[in-house]
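Note sheet for the following structure.
The values are calculated or read from the model by the stated rules, or taken from the named source; none is laboratory data. None of the values given here were measured: they were computed from a predicted structure. FYI the Cβ positions are ideal-geometry reconstructions off the backbone, even for glycines, and counts take in every protein chain you see. Calculation scope for accessible area: heavy atoms of the full protein, side chains included, ligands and nucleic acids excluded. Shrake-Rupley method; radii C 1.70, N 1.55, O 1.52, S 1.80 Å.
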Protein chains: 4
Amino acid sequence: MAIEGSKEEASSGRIRLGMVGGGRGAFIGAVHRIASRIDDQYELVAGALSADPEKAKASAGDLGIAPDRSYGSFAEMAKAEAGRADGIEAVAIVTPNHMHAPAAKAFLEAGIHVICDKPLTTTVAEAEELVQLVKKSGKVFAVTHNYTGYPMIRQARAMVAAGELGEIRLVQAEYPQDWLTERAETAGSKQAEWRTDPKRSGAGGCIGDIGTHAYNLACFVSGLELDELLAQLTTFVPGRLLDDDVQIMLRWKGGAKGLLWASQVAVGNENGLKLRVYGTKGGLEWTQADPNYLWFTKFGEPKQLLTRGGNGAWPEAARVTRVPGGHPEGYLEGFANIYTEAARAILAARNRTALDPAVIFPTVEDGLKGMQFIDAAVKSSAAGNVWTKV
Amino acid sequence: MAIEGSKEEASSGRIRLGMVGGGRGAFIGAVHRIASRIDDQYELVAGALSADPEKAKASAGDLGIAPDRSYGSFAEMAKAEAGRADGIEAVAIVTPNHMHAPAAKAFLEAGIHVICDKPLTTTVAEAEELVQLVKKSGKVFAVTHNYTGYPMIRQARAMVAAGELGEIRLVQAEYPQDWLTERAETAGSKQAEWRTDPKRSGAGGCIGDIGTHAYNLACFVSGLELDELLAQLTTFVPGRLLDDDVQIMLRWKGGAKGLLWASQVAVGNENGLKLRVYGTKGGLEWTQADPNYLWFTKFGEPKQLLTRGGNGAWPEAARVTRVPGGHPEGYLEGFANIYTEAARAILAARNRTALDPAVIFPTVEDGLKGMQFIDAAVKSSAAGNVWTKV
Amino acid sequence: MAIEGSKEEASSGRIRLGMVGGGRGAFIGAVHRIASRIDDQYELVAGALSADPEKAKASAGDLGIAPDRSYGSFAEMAKAEAGRADGIEAVAIVTPNHMHAPAAKAFLEAGIHVICDKPLTTTVAEAEELVQLVKKSGKVFAVTHNYTGYPMIRQARAMVAAGELGEIRLVQAEYPQDWLTERAETAGSKQAEWRTDPKRSGAGGCIGDIGTHAYNLACFVSGLELDELLAQLTTFVPGRLLDDDVQIMLRWKGGAKGLLWASQVAVGNENGLKLRVYGTKGGLEWTQADPNYLWFTKFGEPKQLLTRGGNGAWPEAARVTRVPGGHPEGYLEGFANIYTEAARAILAARNRTALDPAVIFPTVEDGLKGMQFIDAAVKSSAAGNVWTKV
Amino acid sequence: MAIEGSKEEASSGRIRLGMVGGGRGAFIGAVHRIASRIDDQYELVAGALSADPEKAKASAGDLGIAPDRSYGSFAEMAKAEAGRADGIEAVAIVTPNHMHAPAAKAFLEAGIHVICDKPLTTTVAEAEELVQLVKKSGKVFAVTHNYTGYPMIRQARAMVAAGELGEIRLVQAEYPQDWLTERAETAGSKQAEWRTDPKRSGAGGCIGDIGTHAYNLACFVSGLELDELLAQLTTFVPGRLLDDDVQIMLRWKGGAKGLLWASQVAVGNENGLKLRVYGTKGGLEWTQADPNYLWFTKFGEPKQLLTRGGNGAWPEAARVTRVPGGHPEGYLEGFANIYTEAARAILAARNRTALDPAVIFPTVEDGLKGMQFIDAAVKSSAAGNVWTKV
C-alpha cells in the first residue's frame, strides 16, 4: 500500500566516524556527512578536514567536532584515534584523489574501517596495494560509487540477475555534464582546479571523475565483467591538462557489447548519467536525474514505468527505500544507502555477527576495477584507439 | 558552477527534541526524524512514541532514547521534560490528527517549541485556541506543510512575488492519489484506518489529508488569500466514512480564480501534487514527483525548464539547496528544510538574536487557515455546493 | 511487428467535395483540405471560399478549383452543384460559427452530405433544427470534433467500453491555451476577432471554441452521458466580450463526476488538451500534444505506456493508424481519420451498401450535445454557478 | 500568434508521378503516396508496383491508376511514360535497395525526375554512377532521408549555421529499434526478410536501414563533413546474415567528434532516433518520436523547450510547418516536406524558373555520402575496428 510505513534504521550504538578532507568550501565532504546522518548510523567525532590548519579548525568547529579531535593531518589523526578507547571506528576519505591511497593506508594500518570517495586512487599500483591491505587487515572498505545506492538501480540489478532481460546483449552507459565547457579551472573554480590537475586527479580527467561512475554502474547492474575496451579520450578546451570527453567501445565477457560516453562539455547536461541494458527478452532504462523511475519492456509487450515504492518495486529496491512511491528520493538518499550498507558491515564486524548477504556496497575491489578501467582507457586512447584488455 | 560547494548547516548546539507519536509501524514519524537529522540541527532525546506502553518502550529503544525519557503520555512528557535542566527544547507531534491539539497545548504551556504535523487540529475552534496560545507563549510553532520546503517551490513563490508572472489570474492545484481506490481501511491498513475515521481525522478525509496540502501550497506560491470556495466532496468507496475525492472552485481575493482537485481514488497516481499558476505576463508549473524542475514561460517566449541548482535558480531556491543541479533532491530534503528553518527560529529564540527575515516555515496561522479551508469546504459541500467564505 | 505494413485507403472513386469558407488567411480550412487528401478519399472541386469575391476567386485559383465552380455564396453553390451531374457529393463547412447552420441547411436541403466544423451552430435551436433536417434528409453529417480521430483516443474508448477501468468514477478534462492572454482581437488577429465576437461565435467564447472539444472527448472516451453541470465562466482580459476561462463541475449519469477546465489565458500552454479517466479497476491518461502515448494503470500494477502502433495497441487504434509505432502521427492524421470515417459512410450511401459498424465519427447529434453543453454552462454561470441540467 | 494561419501549398498543376514498388503489403510505398498528397503537389498516375503481375494490377486498381499505366516492370514503364505526352514527370522508387540503382538509371535516362528511397543503392560504385547520371541529365533527384523534413530539424540546422551553438564539438546520434530482437526474417516478416538479405539490402543491415538515417541527420544538422570513422558492426541474432547493431566513433573535419549507435535489437525502442549537438556556446537535443520539441541550452542559461509553431520557432521551421504549436505534426508531415521541397525543384524545372534558395531536400550526393558511410563502416569493422576515411 502506498503509504504503509517508511523505513528507518535503529540508531543504537552509532559508529564513531572521522573524516579526512571536506572542510569549508569542499563539495563532497558535506554530501558524505549528510549521507552518514540520514539513517543515524554514524556520529562524526574527529576530523583532519583541511591541509590548511586554520580552515581545519574552523571547519571542525562548524561540525561540532571537539577541538582535541581536529587534527592537522590524516597521519596524526590515524595514530591518535587508534590510541583512544573511544577512537573512531571508521573514517571517510573525501579529499582529492591523490590523497586517497596514503590516507586509506594509514587508517587500515591503524585498524580503522574506511569509506573512501572515488576514484579509489590515482594509479592501479596504489589500488592493488590497497586491495592487499584490506585483505590483510580484514577491515570494511567501501568506495562511494553512490549511484549503486539508488533503489531502482538495485532493482535493475536484481531484474537482470533474475533473467528478466534474458541474455544481455547491450549495455549502454553515458554521463554527460557541461560544467567544464569553458576553462573553469583558471577562472576560480576550486572543484575544476583539482579535477583537471593530473597531480591531484591522476591520469584521467573526465574518465576518472565521471567515466568510472558510469562504468561502475554498468558493471553493477549488468553483472558482467568487462573483457576489453577501445577508447578515445579528448580534451576539447584549449589549455586543459586532462580529458574532458570520453568515448569508449566496450566488449563484455560472454559477448555483450556497449558504448560508454562521458563528457564535461555537453552543454545542457547537468548530471546526465543514464544506463540502458538490453537482452534477448527485455530492456531497462534508467536516468539518474529522475532516479525514482525505471523503464522496463518485455519484448513484445508495452513499456512499464516501474517506480520506487510503487507497485512494480522489488524487495531489492524496497530494502533501501524510505518513503512511499510518488514521494521522490534523491541523490543524498542513494548516497546514504552506501553509508548504511557499510554500517551494517561495520556493525557486524563490531558485534562479530554474520553479515546479512543482502548487504551490497562498492568495495575496494570495485575501486581497483575502476582504476584498471581508467588505465586501460588512457592506454587505448594513447595507442591510437585500439582494443585493450582491462 | 555546477558542482561548486554544497550546503550544510553547522551543528554546534543541536536542539534537544522530543517526539509524540511515531512509534513502530507509523509512517510520518520516521520522516520527521530523518528530516530532523539531515542538517544536524536536532537531537532526539525524549519520546511518548505510542499509546501502547510496550510499543512506546520498544520504539524508544530503537531510536536510542534513554529509558527514563520514554514516556507513557504526552502530558507526562511535557511535565517531566519541562522540569529537567537538559529537557527538550522542542517537540515533534506526529500522531493522528485528533491528538495534535491537546499535545500541542500541553507543550506550549510547558514552554516548549512545537513542530506539528498537518492538518493542525480536527476543528477550527481548537486551531484558533492554539493560535492564541502560541501568541501568548511566544514559542515557535511550525506545521509540516512540507511541500513548501522544496527549493523550486521557494523559487516559484519568489518569482510570483517579484512580479515575473504579472498579475495572477489562475491558481490550479491538484493532488491525486490512488491508494484508497479500494476499502483499505477494513483490509488491514493502519494508515487507511485512522485517515478515514472521523474520530481521529476530523470532518475531512481526502480534503484534510491532502487537500490541505494542495491549498497550503497554492497560498504559499501565489501569495494570495482565498476569499470563498465552492466545494463538492464525494465518497466513492462504499462504506467509507469520509470523503475520498474533492473538487473545489476557488475565488481568491483580488480576482484570481482556480480549481483544486484532490483524490484518493485516481488509479495510477501515487502522490500527484501539481501546481500551476498563470498571470498576465507568465506561467509556472511544478509537479511534486519531479520536484527539481520548475517550468516557466514568459508570455510570447519559449518555455524554460528551471532546475534546482541550475542556471536559472534564484537565491530563494539556493538557500535551501544542498547538492548541485542534476543531482536530485527529494521529499526528505524538502521536509528537512522545514525542520531547519524552524531550527533557525528556535536557535534565534534560544540565543535571543534576531531571526533572519529570509526564514520561512508554515506557522500555526497557516495551520488555522488549513482548518478554515476544510471547514468551509465541508460546509459548502453539505449545503449543496454553494459559495462559502473562508 | 514494428514496421510491418502501413495503412492506406484505396482511392477508387474519390468523393467530390466542395468547401464553404477557408479562403486565403483562414486557419481551419487548410486543415480540412489536408485531412481530406491524406487518405485520398476526396477531391475538392468547388468552393464558396470567402464572402469577399476577390479573395474567393484567388483562393479557388490557389486550390485548382475551376473558375466556374468558385461561387460567391454558399446558397449559390448549393443550388448550382445540386444541378450538375458531376456536382459535389459532400461539402465541408469551415466558416465562423454563425454561418454553420444556414450553410448546413442549404446543402442538406440540396441533398448534399455535410462535414461541418465545430461548434455546430450558435444556438441550441439551430442545432435542433439541423438534427431534424439530417434525419429527414438521410444525409451523412459529420462534425469535426477531430480529437476523437486520434488512434489512442479510439483505444481509450474501447478500453473503457471493454471494462478495463471497471466502473468509471472520474472524468477529468482540461484544455488550456494561452493565445488570448492579451487582447489579440484588437491587435490584428483575425482568428481572435471572430472567436471573441458573440455575433460570430455565439454565446460562448472559450467554452465554445475549446471547451466543447474537451467535453466531446470526455463523452467519447467515457461513454457516459452528462446529467448536470455547475459552471463558472470568466473573462479575464479587460474589454473582451466573451469568456476566456471556464471551470465546470460535471455530474455524469450513473454517479461519475469530473472537472472540466478550459482557458485561453494560461501562459505556457499551446493546445494542452488532456483527458484522465479513473474507474474502480484502472486509470487512463492522454495528452493531445503527445497523442501517440496512452498511459494505462491497472489498480495495483505498474503504469503502462501504450503506444500507437506499438505492442499494446488495440484493433480500434490499429484501424485508424497509418505508420508503425515510434513514427509519430499527429493532428492532421487524427483529423484525416474523421474525414475518412465520414467517407466510408458517404460511400456506403453512394453504393447503397451497409456501413461497417466499426465506423465512428462525430455526428449532428454530438454537435447538438455540444450546443446544449455551451447553453447549460452559460446559464449556470449566469445564475451564480448553480447545478444545471444539460 | 498561436493559431494564426496554417500553411498549404497551392495545387495548380500537380506533378504527374509514377511509382516503382509499393504494391499491396509494402510499407514505405504507402508512406510515399501519403507524403505526395499532403500538400497536393503530385498526382499518382502510373506504376510498376510489384514484380508479381497479379499484385501489380490489383495494387494499381487500389490506387486508381489506369490499367494501361500499370506496368510489369520499371523498364517498360520508363519507356512507355517517356513516350506519352501526358507521361509522368517524376517517379518514386520505393523498392528494396537492390532495385534502386537500375530503376533510377532507367528513369533518369528517360528524362524523368526521381524521388528515391534510401539507402541510395547497394554499392558505392552504383551511387557514383547515379551522381554522374544526375549531373548529365540535369534532372531533380531526391533521396527520402525524410527526417530532415521535420521542422525542428530544419530549425536545428539553422541554429547551428547561425552560430547559436558556437563551434561544434560533439555530434551524438543514435537510432535504436527492437523489431529484429528475434529472428523475424524466418518468421514470416516480409520487411525483415529483405532488410536482412545481403542480395537485396547490400552489405549493410542495420547500418544501411537506419544507421544511414542517423548519419544523414547528423550531417544535415551539424553542417559538418565526416573525416573518418571507426566502426564495430555486430550480428546478435544467430543465423542473421547482416549486422543488427552498429557502434561508430566519428571524427568530423574541423575537430568535432561523436558517437553513432544504431540497433535493431534494443528492446523497448520503437524508432528511437535521437540527435544531440554540442558546441562551445550551446547544445541541442531532438528526438524523433517527439519531433515537435527541440531542446536548446545556451551555456550558463536555463534550458529552453522550443516548439514547432511556438514562440521560439525560426523561419526555417515555419516554412515547413502546417499547423500551430501544440497541434503535433509527425512522420508523414516530415516526409511530405521532402516531397514538397522536391516539387518546388521539379516545378522550377518545368517552368524554367529559378529555384528558391531556401529549398532543401536530400540529393543524390547525400545518397552517395550515405553509401560511402556504409562502405567505410563495413570496412572498418571487418578490418578490426580501425579508423577508416570516408
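In the range C:261-278, burial by the other protein chains removes 40 Å² or more of accessible area from C:W261, C:V267, C:G268, C:E270, C:N271, C:R276, C:Y278, compared with the chain on its own (1.4 Å probe, ligands and nucleic acids ignored). Computed from backbone phi with θ = phi - 60° and the Karplus coefficients 6.51, -1.76 and 1.60, the 3J(HN,Hα) list for the range A:20-31 is 10, x, x, x, 3, x, 6, 9, 7, x, 4, 4 Hz; x is used for glycine and proline. DSSP beta bridges confined to chain A are antiparallel in about 60 percent of cases. Each copy carries a label point for B:K389 at 7 Å from Cα along the beta-carbon vector; from one copy to the others these points are 3.5, 8.6, 8.7 nm apart, nearest first.
Measuring between their Cα centroids, the range A:246-283 and the range A:102-130 lie 28 Å from each other.
Express the carbon and sulfur contribution to the solvent-accessible surface of the protein assembly as shown as a percent, rounded to the nearest whole number, probe 1.4 angstrom.
Carbon and sulfur: 52 percent of the exposed surface of the protein assembly as shown.
Taking the charge dipole of chain B about its Cα centre, with +1 at Lys and Arg Cβ atoms and -1 at Asp and Glu Cβ atoms, the residue from B:A376, B:N351, B:G334 reaching farthest to the positive side is B:N351.
GNM on chain D, alpha-carbon springs under 10 angstrom: the most fluctuating residue among D:D40, D:D178, D:D68 is D:D68.
Under 10 °C and 1.306 mPa s, how fast does the range B:1-160 diffuse according to Stokes-Einstein, given a Kirkwood radius computed over C-alpha pairs? Answer in µm²/s, whole number.
Values: Rh = 16.5 Å.
After rounding, the answer is 96 µm²/s.
Residue by residue along C:138-147, Cβ atoms of other protein chains within 10 Å of the local Cβ number 0 on average. At a Förster radius of 25 Å, what calculated FRET efficiency corresponds to the Cβ-Cβ distance of D:A58 and D:A82, to the nearest 0.05? Efficiency for this residue pair is about 0.45.
Rounded to the nearest 20, the size of the Cβ-charge dipole of the range D:19-87 about its Cα centre is 140 debye, with Lys and Arg at +1 and Asp and Glu at -1.
Quick check on the protein assembly as shown: of the DSSP beta bridges with both residues there, what percent are antiparallel, nearest 5%?
That works out to approximately 65 percent antiparallel.
Given R0 = 56 Å, the distance between the Cβ atoms of C:K389 and D:E301 translates into a calculated FRET efficiency of 0.60.
Across the range A:133-144, rounded Karplus estimates of 3J(HN,Hα) from the backbone phi angles (6.51 cos²θ - 1.76 cosθ + 1.60, θ = phi - 60°) give 5, 5, 4, 5, 7, x, 7, 6, 9, 10, 10, 7 Hz, Gly and Pro being marked x. Bridging of B:K57 to lysines at a Cα separation below 25 Å is possible for A:K7, B:K79, B:K105, B:K190, once same-chain residues fewer than 8 apart are set aside.
Per-residue mean of foreign Cβ neighbours for C:61-68 is 3 (Cβ atoms of other chains, 10 Å radius).
Annotation: per residue accessible area for the range B:263-336 equals 23 Å², rounded to a whole number [probe 1.4 Å, protein chains only].
Under Stokes-Einstein, with the Kirkwood radius over Cα pairs as Rh, the value for the protein assembly as shown at 20 °C and 1.002 mPa s is 62 µm²/s. For the pair D:E228 and A:K135, label points projected 7 Å from Cα toward Cβ lie 4.2 nm apart.
Using just its DSSP H runs of length 4 or more, each adding -39500 (n - 2.57), chain A gives a mean residue ellipticity at 222 nm of -10000 deg cm²/dmol after division by all residues. Across the range A:43-93, the fraction of Cα-Cα pairs farther apart than 16 Å, rounded to a whole number, is 30%.
Per-residue surface analysis assigns B:S201 an accessible area of about 10 Å², computed on protein heavy atoms at 1.4 Å probe radius.
About its Cα centre, the dipole of the range B:99-142 is roughly 160 debye, where the only charges are +1 on Lys and Arg Cβ and -1 on Asp and Glu Cβ. Compactness ratio for the range C:77-234: Cα radius of gyration over 2.2 N^0.38 Å (N = residue count) comes to 1.20. The mean accessible area for residues of the range D:73-128, using a 1.4 Å probe and ignoring ligands and nucleic acids, is 32 Å² per residue. Per-residue mean of foreign Cβ neighbours for D:373-385 is 1 (Cβ atoms of other chains, 10 Å radius). Placing +1 on each Lys and Arg Cβ and -1 on each Asp and Glu Cβ, with no other charges, gives the protein assembly as shown a dipole about its Cα centre of roughly 0 debye. Given a 1.4 Å probe and the protein chains as shown, D:D62 ends up with an accessible area of around 50 Å².
What separates the C:L355 label point from its copies, with the point 7 Å along Cα to Cβ, is 4.7, 6.9, 7.2 nm, written shortest first. Per the accessible-area calculation with a 1.4 Å probe, the total area buried between chain C and chain B rounds to 3600 Å². Taking only alpha carbon atoms, chain C gives an Rg to Rh ratio of 0.96, where Rh is the Kirkwood radius.
The Rg/Rh ratio of the range D:232-390, with Rg taken over Cα atoms and Rh as the Kirkwood radius over Cα pairs, comes to 1.01. May I ask for the distance between the Cα centers of the range B:323-358 and the range A:63-96, given as a whole number of Å? Spelled out, the Cα-based centre of one part sits 29 Å from the other. Of all lysines in the structure, the ones whose alpha carbon falls short of 17 Å from that of D:K257, not counting any fewer than 8 places away in one chain, are D:K274, D:K281, D:K389.
When the Gaussian network model of chain A links Cα atoms closer than 10 Å, the mean-square fluctuations of A:A101, A:A342, A:A142 top out at A:A101. With label points set 7 Å from Cα along Cα→Cβ, the inter-copy distances at D:G61 are 4.3, 8.7, 9.6 nm, sorted shortest first. Under a 10 Å cutoff between Cα atoms, tell me which one of C:G309, C:G138, C:G211 has the largest fluctuation in the Gaussian network model of chain C. The residue with the greatest mean-square fluctuation here is C:G138. Here the range D:158-202 yields Rg over Rh of 1.34, to two decimals, using C-alpha coordinates and the Kirkwood radius. Shown in residue order for the range D:154-164 are the 3J(HN,Hα) couplings computed by the Karplus curve 6.51 cos²θ - 1.76 cosθ + 1.60 at θ = phi - 60°: 4, 5, 4, 4, 5, 5, 4, 4, 7, x, 4 Hz (x for Gly and Pro).
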